[in-house]
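Asker: This is the structure I want to talk about, given as structure tokens.
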Amino acid sequence: MLRLARPILKLGSSATDLVDGKSLVRIDVCVITYQRPKGLQRLLGGLQQLDLPDPSLDVRVVVVDNDPAESARVVCSDASRWLRHPLRYRVEKRRGIPQARNTAIAAAMDGADFIAFIDDDEVPDAGWLGELLRVQRSSGADAVAGPCETVFEENPPRWIESGGFFERPRHATGARIAYAYTHNVLVSTRALAGMNRLFDEGMALTGSSDTEFFERFARHGQRIVWADGAIVREWVPPTRTTLAWLLQRSFRVGTATSLIERTRRRPPVRAGRVLLHGAWCVAKGGGLALLGSLRGRAGVACGLRLVATGLGRLAGLTGYRYEEYRASHGS
């Protein structure tokens, strides 16, 4: 596991930073990007439209380009001329999602009270950031997560929609949860400073480094709550609306969870337990695929996804790492 060599930087605003008698609250919106100039431009346009009625909010945007060729530089240079929030552009030449996230945190924590993460293939609703902060203020939580809804770039096959493959769990606002993802989360910099490790750079391209971090964050005693009105929308390209991609994603999740459970948790999950769960997923998924054939392709796909997850769990036991994020979907 990675231990950051650099210290966590100074926290928060000073007591003298006041607007209309209220303490200034600094929020840095952090985006990591890799070869998605159109998606990044769309996201920055969404950040421009944020509704921030509270004048005490000081919002900055931090973009970390994980492409050594600096493919996002032109987009950021152009956006800095019209975006109403100051924009910082950084390049992280080491390929890796957690590498870029840690660089974003380092850039953001010189004065920010909170860091909000959002992905470069998403667009926030106008009230997104304000709602995250409202729920944080009312709950006192260390992190606040919100929902991610899907926007298909092209009409997907009917079986994709009927199967609900891109739907995610939702909760009541204020409910305490034990997980979060960097596609939509607000985190206190004070809580981040209390962690001895940030995102695990050993999981560079495997995905799920945010899963691992926020599991550890919650186990550390930090409180995560849900804000159901803080909505972001993910733009899904047609390359992701295929059976092959769904199975690839499920296999990757299986390998990544095995990796986390066996090498990142203390104490680690026993190999026998992971083996049994993987075998159970394969057996149950195979049965569901057979029964699902009566429902059509969506039913078969549901079963096969569970099979792929199980196979990923088993492959992960051998130390195999599936680096899904060597390639980028979308543009």
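Asker: Which whole-number percent is the relative contact order of the chain (Cα, under 8 Å, 6+ apart)? Walk me through the numbers before you get to the answer.
Answerer: On the way: 701 pairs, mean separation 64.3, N = 331.
Value for the chain: 19 percent.
Asker: What is the ratio of the Cα radius of gyration of segment 90-182 to 2.2 N^0.38 Å, with N the residue count, to two decimals? Intermediate results must be reported in sequence, preceding the final value.
Answerer: On the way: Rg = 16.2 Å, N = 93, 2.2 N^0.38 = 12.3 Å.
Ratio of Rg to 2.2 N^0.38 Å for segment 90-182: 1.32.
Asker: How fast does segment 287-331 diffuse by Stokes-Einstein, in µm²/s, taking the Kirkwood radius from C-alpha pairs at 20 °C and 1.002 mPa s? Present the calculation step by step, with values, prior to reporting the outcome.
Answerer: Working: Rh = 12.2 Å.
The diffusion coefficient I find is 175 µm²/s.
Asker: Could you report the chain's accessible area per residue, 1.4 Å probe, as an integer in Å²? Spell out each step's value before the answer.
Answerer: Details: 14710 Å² over 331 residues.
Roughly 44 Å² per residue, with all protein chains present.
Asker: Calculated from the structure, Kirkwood radius over Cα pairs in Å equals which of (i) 21.5; (ii) 20.8; (iii) 19.8?
Answerer: (ii)
Asker: Something else now. Over the alpha-carbon set of segment 154-287, work out the extent along each principal axis and list the three values in angstrom, largest first.
Answerer: Per principal axis, max minus min of the Cα coordinates gives 46, 41, 28 Å.
Asker: Name the residue from ALA112, TRP159, MET203 whose Cα lies farthest towards the positive end of the charge dipole of the chain, charges +1 on Cβ of Lys and Arg and -1 on Cβ of Asp and Glu.
Answerer: MET203
Asker: Can I ask one more? So, with a 1.4 angstrom probe, what is the percent of accessible area on the chain that is carbon and sulfur?
Answerer: Carbon-and-sulfur percentage of accessible area, whole number: 54.
Asker: If you don't mind, there's one more thing I want to ask. Would you give the gap between the C-alpha center of segment 98-113 and the C-alpha center of segment 167-211, rounded to a whole Å?
Answerer: If we compute the Cα centre of each part, the gap is 14 Å.
Asker: Once you've got the GNM for the chain with C-alpha springs shorter than 10 Å, pick whichever of ASP78, ASP142, ASP113 has the biggest mean-square fluctuation.
Answerer: ASP78
Asker: Mind pulling the angle between the C-alpha long axis of helix 243-259 and the longest principal axis of the chain? Nearest 10 degrees, somewhere in 0 to 90.
Answerer: Long axis of 243-259 versus the principal axis of the chain: about 80 degrees.
Asker: Follow-up question, since we're still on this one. Quick one: net charge around ASP125, please, counting Lys, Arg +1 and Asp, Glu -1 for every other residue with C-beta under 15 Å from its C-beta. Don't skip to the end; give the middle numbers.
Answerer: Numbers: positive: ARG42, ARG134, ARG170, ARG233; negative: ASP51, ASP119, GLU122, GLU131, GLU149, ASP228, GLU234.
So the surrounding residues net to -3.
Asker: Using modelled amide H (1.01 Å from N, peptide plane; none on Pro or chain starts), what sits under 5 Å from the amide H of ARG26, excluding residues fewer than 5 places away?
Answerer: Amide H to amide H, under 5 Å and 5 or more residues apart or across chains, ARG26 pairs with SER13, ASP58, ASP113, PHE114.
Asker: Between segment 48-96 and segment 246-287, what is the C-alpha centre distance in whole Å?
Answerer: Spelled out, the Cα-based centre of one part sits 36 Å from the other.
Asker: May I ask you to derive the relative contact order of segment 168-216, considering only C-alpha pairs under 8 Å and at least 6 residues apart, and to give it as an integer percent? Before the final figure, lay out each step's value.
Answerer: Details: 23 pairs, mean separation 23.3, N = 49.
It comes to 47 percent, rounded to a whole number.
Asker: Relative to the longest principal axis of the chain, what angle (0 to 90°, nearest 10) does the C-alpha long axis of helix 73-82 take?
Answerer: 50 degrees
The values are calculated or read from the model by the stated rules, or taken from the named source; none is laboratory data. Everything numeric here is computed off the predicted structure, so don't read it as measured data. When we count neighbours, we look across all protein chains shown, and the Cβ atoms used for this are built from the backbone with ideal geometry, even at glycine. SASA here: full protein model, heavy atoms, side chains in, ligands and nucleic acids out. Shrake-Rupley method; radii C 1.70, N 1.55, O 1.52, S 1.80 Å.
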